[in-house]
Amino acid sequence: MKDINCQKYPIVFKSPWSRVNEIIDERRYSKIFVLVDTNTSELCLPLLHKEVNASLYTITIAAGEDHKNINTCQQIWSSLLNNGADRHSCLINLGGGVIGDMGGFCASTYMRGIDFIQVPTTLLSQVDASVGSKLGIDFMNVKNIIGVFNHPQAVLIYPGFLNTLDYRELRSGYAEVIKHALIQDPQLWKDLQQIVDLKEIDLSGIIYQNVAIKKEVVDKDPYENGLRKILNFGHTIGHAVETVFMKKSSPLLHGEAIAIGMLCEAKIAELKAMISVDHFKNIEAYIKRIYTNLPDKLEDQDKILSLMRKDKKNRDGEILASLLKGIGSCDFNISLSEEDVKLGLNYYNSIIKS
Ligand SMILES: NC(=O)c1ccc[n+]([C@@H]2O[C@H](COP(=O)([O-])OP(=O)(O)OC[C@H]3O[C@@H](n4cnc5c(N)ncnc54)[C@H](O)[C@@H]3O)[C@@H](O)[C@H]2O)c1
Ligand SMILES: [Zn+2]
């Protein structure tokens, strides 16, 4: 598999460990830090220690989205400062999207920016979060509201890390794969239909194709002025649903909420005659086949709507979404009325257990 070169950094598939050693040799870092969470510390860090020919200073944080906040950033910045990180130090972010987004943000702001390398270890971060240079944290219950755009030195993709990921996390990350196929790649969508059991397949090829899709979109519009917004398909409703469920006894993983969002937003596209009934039925059946654990009902519709009104993509108080206009094709900046959203949510409520 050839590496994929984004405009400013490589995404390395072939021999990621030789490449990280080359970067370390070339850049002659004063000190190398690795950011891990309690899970990747145990499951992924031993391999990095084995493969990287340099001493690594580890910073460990608690795992999970709940910790993607300014308090944890303070912990990371303090560890860097207390342990002598200077402008020639490097931070390797070894973990899922939380580690990548927050570690990249901390590296980009520490001493106005030190080098960092992304080593994503979840399906979600390998196919999505590690590509495209968006970094940030949650603040006041709003996801990713504080952050920057900044490029890593490299992104290193090693699919072997996924072997320890539990099935629910794997399936959650797979939502971004479904999204990429639906917005950009009809052939990939066809290929995905053949997958019977996610656990049983080698995901390397799929990861590669997904990185290629995301790279193509972000290279054309790095700062999300237009086209890049198509990557938000499923996320306008999905993010709001994710937030509402955060406070419940059984929260949803990001990709599970996005699966719901894609289903509702595809229904809205069908109602607006942007996609055919057959295409919609195909999408609905596939999402229901993969996500067998979705909640029966989306209550709190007013709360979902009020969260959607705060979405970063909106303008002048209008809810703007990215909607499919076919399989493998997506339009952005489509205005959604309250009525549209309710039709999508009510449709979900009517079908999910049928
Ligand atoms: N920057 C972007 O463009 C972008 C895009 C999509 C998502 N995101 C962000 O990504 C985050 C979600 O990413 P995520 O799903 O990877 O979350 P995560 O980082 O919380 O990882 C999920 C869980 O898996 C564990 N884990 C990680 N690697 C493992 C491994 N190899 N084996 C076993 N367990 C492992 C983690 O410790 C965690 O408990 C969200 O914060 C979201 O906002 C960012
Ligand atoms: Zn997402």
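Quick note: the coordinates plus some simple rules give every number you see, no bench work behind them. Given the structure is predicted, the values throughout are model-derived calculations rather than measurements. Glycine gets a Cβ as well: all are built from the backbone with ideal geometry, and neighbour counts include every protein chain shown.
A few notes on this one:
- Against the empirical curve 2.2 N^0.38 Å, the C-alpha radius of gyration of the stretch 247-344 lands at a ratio of 1.09.
- Residue exposure sequence - Cys73, Cys264, Cys330 - by fewest surrounding Cβ within 10 Å: Cys73, Cys330, Cys264
- Radius of gyration and maximum dimension Dmax of the stretch 12-136, Cα, Å: 13.2, 36
- Exposure proxy order (Cβ contacts within 10 Å, fewest to most) of Met111, Met140: Met140, Met111
- Aspartates and glutamates whose Cα lies under 12 Å from that of Lys199, excluding same-chain neighbours fewer than 8 positions away: Asp166, Glu169
- Sparsely packed trypsin sites (Lys or Arg not before Pro) within the stretch 182-286, loop by DSSP, other Cβ within 10 Å at most 16: Lys247, Lys248, Lys272
- Residues whose amide H falls under 5 Å from that of Ile275, counting only those 5 or more places apart or on a different chain, are Glu270, with hydrogens built in the peptide plane.
- Cα pair distances exceeding 19 angstrom across the stretch 209-296, given as percent: 50 percent
- Cα-based reach from Lys313 at 14 Å (exclusive), listing aspartates and glutamates while leaving out same-chain residues under 8 positions away: Glu224, Asp331
- Using every pair of distinct Cα positions in the chain, the Kirkwood expression returns a hydrodynamic radius of 20.7 angstrom.
- Beta bridge orientation in the chain: antiparallel %, DSSP, nearest 5: 40 percent
- Since only Pro222, Val241, Gln209 are under comparison, the one whose Cα sits farthest along the positive direction of the charge dipole of the stretch 202-269, derived from C-beta charges on Lys, Arg, Asp and Glu, is Val241.
- Rounded D (µm²/s) - the stretch 169-246, Kirkwood Rh over Cα pairs, Stokes-Einstein at 37 °C, 0.692 mPa s: 239 µm²/s
- Peptides 155-164, 56-65 ordered by packing proxy, namely the average of other Cβ atoms within 10 Å per residue, highest first: 155-164, 56-65.
- Neighbour counts of C-beta atoms inside 10 Å place Arg315, Arg171, Arg309 in the sequence Arg315, Arg309, Arg171, starting with the fewest.
- When the listed pairs Lys134/Lys220; Lys179/Lys267; Lys179/Lys310; Lys179/Lys229; Lys2/Lys229 are checked against a 18 Å cut-off, the alpha-carbon distance exceeds it for Lys179/Lys310; Lys2/Lys229.
- Positive-end extreme of charge dipole, the chain - chosen from Ser89, Leu336, Leu320 (charges on Cβ): Ser89
- Summed residue charge, Cβ within 12 Å of Arg171's Cβ, Lys/Arg positive, Asp/Glu negative: -2
- Under 12 Å from the Cα of Lys8 - aspartates and glutamates, other chains or at least 8 residues apart: Asp219
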